[in-house]
Amino acid sequence: MSNPSPLARPFAFYVATLLFFGVGCITTIGLNWYAGLTLPSWAPPNLAAAAAWFVLFFTTATSAVAYWNRAPHTGRIFGWVLALYVVNSFLVLLWDYLFFGVHKLGAAFGVAALVGATVIGLMTLLWKDERKPAVLLAPYLLWMVFALIFTYEVMVLNP
């Protein structure tokens, strides 16, 4: 184990908060467009989706902090894990921008697949040495499978 930085936890929650509000702002801008779409019958209410993302940002930040606090800060794995957390965050913003911001459903579908792939990559890298951070990402992976299917359905229903 390494000495955890006293800034790790506040930094992770700061980033999670910025992501939550960044995604919220982009989504809010696109809500009028979204309201006019044909949605699958199983589409979650807007408030439920926002609550789900809040929980997912919280559990992902908790996962990152748990990894940061327990893993040695040396080696390639540590760098890969941190890089995947960062790339994942940017991909979530990109998906939101493509879907709600510029209404590019096909591109959003591709990015949703990449978000899911980064979650799988994180869970795989974490599982060997740090199972708690990996398990904290399981709800995120399930949500991304849902989001991928949802994005595809919206794309098909709104050619």
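Computed from the coordinates by the stated procedures, all read-outs in this text should not be read as laboratory data. None of the values given here were measured: they were computed from a predicted structure. Note: ideal-geometry Cβ built from the backbone for every residue, glycine included; neighbour counts use all protein chains shown.
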Binned at 5 Å starting from 0, the alpha-carbon pair-distance distribution of segment 28-159 in whole percents comes out as 2, 10, 20, 22, 17, 12, 8, 6, 3, 1
If R0 = 25 Å, then Ala83 and Phe54, at their Cβ-Cβ distance, give a FRET efficiency to the nearest 0.05 of 0.50
Here the alpha-carbon Rg of segment 91-159 over 2.2 N^0.38 Å rounds to 1.22
Spelling it out for Ala43: with amide H atoms placed in the peptide plane at 1.01 Å from N, the residues 5 or more places away or on another chain with amide H under 5 Å from its amide H are none
Percent relative contact order for segment 62-159, counting Cα pairs under 8 Å at least six residues apart, stands at 33
Projected convex hull area of segment 29-88, Cα atoms, direction-averaged, in nm², equals 5.8
In nm, the gap between the two label points placed 7 Å beyond Cα toward Cβ at Thr74 and Ala107 is 4.3
To the nearest 20 debye, segment 29-159 has a Cα-centred charge dipole, built from +1 on Lys and Arg Cβ and -1 on Asp and Glu Cβ, of 320
